Amino acid sequence: MMEARAAAKYVRQSARKLRLVVDGIRGRDVNEAYAWLQFQPKKKASRIMEKALRSAVANALQKAEAEGEPLDVDELYVKRAYVNEGPTLKRWRARAMGRASLIRKRTSHVVIVVDRKGEA
């Protein structure tokens, strides 16, 4: 199995926003996924996904080199891609009459797994 994964942890964006982008690259070829990410309106999420995807591809190339197998990037596709919630940073903001309201700064963990097209 030529599966390789990469994880971007503690990303300072909510999982809900990142899932809008990650749903678009799941199942695509790696080159097609790069092209798709280039033209997304959600720029911050797209940059995070592209960085994680590049890391997963580099991990696959490294793994193939260690096993002595030739690997072409054009053979890879995004097998799995998902976003989990990370820890929430809790802050507060002063409000009227001496009260405080909670501000939740959400974080996420992004995981991307790439594999060869022929294997499954």
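Readers should treat all values here as calculations from the given coordinates under stated rules, not as data from a laboratory. As the structure is a prediction and not an experimental result, all values here were calculated from the model. As a convention, Cβ positions derive from the backbone with ideal geometry for all residues, glycine included, and neighbour counts pool all protein chains shown.
Listed values, structure above:
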item: Members of the stretch 52-100 found to be touching an Asp or Glu at 6+ places or on another chain (Cβ under 7 Å) and in contact (Cβ under 8 Å) with a residue 60 or more places away in the chain, listed by number; result: Lys79
item: Unmet criterion (only one of (1) closer than 13 Å to Tyr82 by Cβ; (2) touching a residue at least 40 places away in the same chain (Cβ under 8 Å)) for Met2; result: (1)
